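Encoded as structure tokens, the structure appears first; notes follow it.
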Amino acid sequence: MSDSRGFGEYPLGLESMAVHAGREDLSELGVHALPIDLSTTNPLPGIDLGGASYEAMALGGRPSEGGLVYARLWNPTVARFEDALAQLEHAEAAVAFASGMAALSALLLARQQECGRALHVAAIRPLYGGTDHLLGSGLFGHSVTYGAEHEVAAMLRADTGLVVLETPANPTLDEVDIAAVVRAAGAVPVVVDNTVATPILQNPLDHGAAYVLHSATKSIGGHGDAVGGILACTEERARAIRRVRAITGGILHPLAAYLLHRGLATLPVRVRAQQDTAVLLADFLRERPEVLAVHYPSLDQGRSAVGQLRGPGSLLSFELAGGFAAAERVVSRFRLATHAVSLGGIDTLVQHPASLTHRPVPPEARPHAGLLRVSVGLESGHDLLADFRAALATLNSAN
Ligand SMILES: *Cc1c(COP(=O)(O)O)cnc(C)c1O
């Protein structure tokens with residue numbers, strides 16, 4: 001909540017904010033760790049007050065003195081995490097969900113409700129496979145036009161209610177110029193999936209985006225043990241999203257909220273350490289004859305070409321000259337890295353997007369058959385390079 005933010009007069013630096021955001025009142029409460037509130041229902045102070053608070057929350061507002069009423073509408077542990085993430089994303093508010101896809105679904109429904117008609121979405125490819133799948137499914141009566149960054153103006157129709165983009169994109173790490181898309185979108189709000197960059201390396205709202213989306217399952221949680229999603233935006237937009245959440249019931253569980261909030265404290269140091277190793281790995285792979293191309297954001301003097309990214313991050317992908325057969329072989333030979341989907345966690349994960357995360361994407365938009373995506377973890381760079389060297393070496397041996 002904006003009235004409880006900050007410590008005194010000065011704005012906090014990113015690292016301090018990551019540690020302290022959402023914990024402003026803990027000393028006052030006489031506790032040190034984040035409290036977890038598991039109540040599914042709450043005693044009501046009276047019929048009128050309880051009813052008024054229920055109505056406020058059902059319409060997307062915050063609880064009033066009538067109390068919290070029921071945990072599908074509001075949970076204090078979840079609200080702490082939301083306040084913290086909102087601060088890190090320079091937003092007025094954030095709304096947390098049981099998964100990233102639940103968050104995106106709620107956004108589509110909220111926009112549809114705000115527009116008062118079936119929603120048309122303009123989406124810039126490449127996108128996370130699940131996002132591509134949901135947009136293309138038409139599940140909510142919505143429709144989608146896919147295109148490239150420079151095609152946004154041509155993709156817009158009278159009924160377009162949302163522009164969706166992801167930058168850097170997954171798995172190609174292509175950068176999309178958020179401000180340019182926002183300009184081309186005019187009055188249509190733009191949502192940026194910031195899962196890969198994290199709020200440590202990029203803040204889309206500062207470039208004019210209306211919403212930021214995170215799969216908190218990835219870097220925010222960071223330890224591969226909690227699923228969650230979150231949207232950050234203005235309080236007015238948040239009300240429409242909370243209303244959908246109250247009606248459809250996608251709220252994040254408080255135990256997951258605790259883990260995701262705890263993850264925020266170490267997010268800056270994890271992102272930087274993982275990024276340092278990713279830079280080493282990208283350099284190593286560029287020199288290898290088995291590798292056709294390495295996809296990793298290039299930063300000139302610490303800034304990306306479009307001036308959004310503050311660092312290249314911990315996700316990279318590379319294309320093997322041997323195509324699918326080589327990818328299949330290499331992926332089974334790692335000892336330190338794990339062959340698994342997901343990203344942003346403490347350990348290194350390698351996966352084959354064309355057959356896994358991007359399987360639902362139509363063939364023409366699917367990644368290269370020899371492309372492997374690497375989410376670099378916190379292992380030592382020395383050990384990780386040795387693992388990759390050994391795995392690639394199997395391509396040149398007979399067995
Ligand atoms: C994982 C992911 C999602 C979906 O989030 P879930 O928490 O798995 O529902 C969306 N966007 C990106 C970029 C992701 O990596």
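Checking A103, A123, A71 one by one, the residue that is away from the ligand (no atom under 16 Å from the Cβ) and aliphatic (A, V, I, L, M) is A71 and no other.
Being under 19 Å from the mean Cα position of the chain (by Cα), open to solvent by 10 Å² or more (accessible area, probe 1.4 Å), over 18 Å from G249 (Cβ atoms) and basic (K, R) narrows it down to one of R80, R23, so name that one.
The match here is R80.
Within the stretch 144-158, can one find any residue that is open to solvent by 20 Å² or more (accessible area, probe 1.4 Å), under 17 Å from the mean Cα position of the chain (by Cα) and not acidic (D, E)? So far as the stretch 144-158 goes, no, none of its residues is open to solvent by 20 Å² or more (accessible area, probe 1.4 Å), under 17 Å from the mean Cα position of the chain (by Cα) and not acidic (D, E).
Let's see how each residue does on (1) in contact with a strand residue (DSSP E or B) (Cβ under 9 Å, 6 or more places away or on another chain); (2) closer than 22 Å to G263 by Cβ; (3) of a type in the set (A, V, I, L, M, F, W, C):
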{"residue": "S53", "(1), (2), (3)": "no, no, no"}
{"residue": "N75", "(1), (2), (3)": "yes, yes, no"}
{"residue": "G100", "(1), (2), (3)": "yes, yes, no"}
{"residue": "E149", "(1), (2), (3)": "yes, no, no"}
{"residue": "E166", "(1), (2), (3)": "yes, yes, no"}
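Within the stretch 89-111, the set of residues being more than 14 Å from the chain's Cα centre (by Cα) and in a strand (DSSP E or B) comprises A93 only. If the condition is being more than 12 Å from the ligand (Cβ to nearest atom), among the hydroxyl-bearing types (S, T, Y) and touching a strand residue (DSSP E or B) at 6+ places or on another chain (Cβ under 8 Å), then the stretch 340-380 contributes only T348. Taken over the stretch 329-340, the criterion of being over 21 Å from L280 (Cα atoms) and exposed (fewer than 15 other Cβ atoms within 10 Å of the Cβ) is satisfied by S332 alone. Take G50 and decide whether it is buried (at least 21 other Cβ atoms within 10 Å of the Cβ) and away from the ligand (no atom under 16 Å from the Cβ). Against the criterion (buried (at least 21 other Cβ atoms within 10 Å of the Cβ) and away from the ligand (no atom under 16 Å from the Cβ)), G50 does not qualify.
In summary, strands (runs of 3 or more DSSP E) completely within the stretch 217-328 and bearing 1 or more residues that are open to solvent by less than 20 Å² (accessible area, probe 1.4 Å) and within 16 Å of the ligand (Cβ to nearest atom) occur at 229-233, 315-320. Checking each residue in the stretch 112-143 for being within 19 Å of the chain's Cα centre (by Cα) and of a type outside the set (A, V, I, L, M) picks out R125, P126, Y128, G129, G130, T131, D132, H133.
Close contacts from the stretch 10-35, counting a first residue that is closer than 23 Å to A91 by Cβ and a second that is of a type in the set (V, I, T), with Cβ to Cβ under 8 Å and a gap of 6+ residues or different chains, come to L14/I200; E15/V269; A18/I200; A18/T266; L34/T77. Would a scan of the stretch 176-196 turn up a residue that is under 23 Å from S215 (Cβ atoms) and at pLDDT below 95? There is no residue in the stretch 176-196 that is under 23 Å from S215 (Cβ atoms) and at pLDDT below 95. Identification of helices (runs of 4 or more DSSP H) wholly contained in the stretch 128-215 with 1 or more residues that are free of Cβ contacts under 8 Å to residues at least 12 places away in the same chain and either within 16 Å of the ligand (Cβ to nearest atom) or closer than 27 Å to G13 by Cα (or both) yields 129-137.
The values are calculated or read from the model by the stated rules, or taken from the named source; none is laboratory data. From a predicted model like this one, the values you see are computed outputs, not experimental measurements. For neighbour counting, all protein chains shown are included, and Cβ atoms are generated from backbone atoms with ideal geometry for every residue, glycine included. For accessibility, only protein heavy atoms count, side chains too; no ligands or nucleic acids. Shrake-Rupley method; radii C 1.70, N 1.55, O 1.52, S 1.80 Å.
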